[in-house]
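Peer 1: Handing you this structure, nothing more for now.
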């Protein structure tokens, strides 16, 4: 099993929307969190990176659902189907919220489900709560 280094949180953010990726990174900066982040625009690139044995595994994956090539749910299935990724916290980070979908994804192995907030202030609070949980 590959080991996750934990000196400071290492985050993979997977979202096809540039503005959402930028806003997320700015929120991390604003809460003055010591972190490292790598971003991906689709699930195919994420999974190719994760299965590469030379890749350092992240502590957290923030995963959008609606992406081209491979959506977030397909990524979640692949991540949870691989023993080497069992210690990675997967947080669904989506603009869409449906209680049935949330429950289904949590049952499939997502650790949390965050609906993308309407304000920057809310985003900072959500991110802080993720790392204190």
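Every read-out reported here was derived from the displayed coordinates using simple, explicitly stated rules and does not represent laboratory data. In this text, all values refer to a predicted model and were calculated from it rather than measured experimentally. Methodologically, a virtual Cβ is constructed for each residue, glycine included, from the backbone with ideal geometry; neighbour enumeration extends over all protein chains shown.
Peer 1: Mean-square fluctuation check for the chain, GNM, Cα pairs under 10 Å: which of 62, 12, 120 is largest?
Peer 2: 120
Peer 1: Using only the Cα atoms of the range 10-132, construct the convex hull and provide its projected area averaged over every direction, in square nanometres to one decimal.
Peer 2: That works out to 7.1 nm².
Peer 1: Further, regarding this structure: Kindly rank 102-114, 40-52 from highest to lowest mean number of other beta carbons found within 10 Å of each residue.
Peer 2: Final packing ranking: 40-52, 102-114.
Peer 1: A follow-up question, please. Which of 31, 11, 92 moves most in a GNM of the chain, Cα contacts under 10 Å?
Peer 2: Maximum among the listed residues: 31.
Peer 1: Relative contact order for the chain: what is it in percent, counting Cα pairs under 8 Å that are at least 6 residues apart?
Peer 2: Relative contact order for the chain comes out at 26 percent.
Peer 1: Please identify, among 53, 68, 117, the residue showing maximal mean-square fluctuation in a Gaussian network model of the chain using a 10 angstrom Cα cutoff.
Peer 2: Looking only at 53, 68, 117, the biggest GNM fluctuation is shown by 53.
Peer 1: Using a basic spin-label model with each label point 7 Å from the Cα along Cα→Cβ, how many nm lie between residue 56 and residue 38?
Peer 2: The modelled label-to-label distance comes out at 0.9 nm.
Peer 1: Still on this structure, please answer the following. When the helices in the chain are scored as -39500 (n - 2.57) per DSSP H run of 4 or longer and the sum is shared across all residues, what 222 nm value do you end up with, to the nearest 500 deg cm²/dmol?
Peer 2: The helix-only estimate for the chain comes to -12000 deg cm²/dmol at 222 nm.
Peer 1: Whole-Å semi-axes of the range 1-74's equivalent ellipsoid, largest first, each the root of 5 times a Cα gyration tensor eigenvalue?
Peer 2: 19, 19, 8
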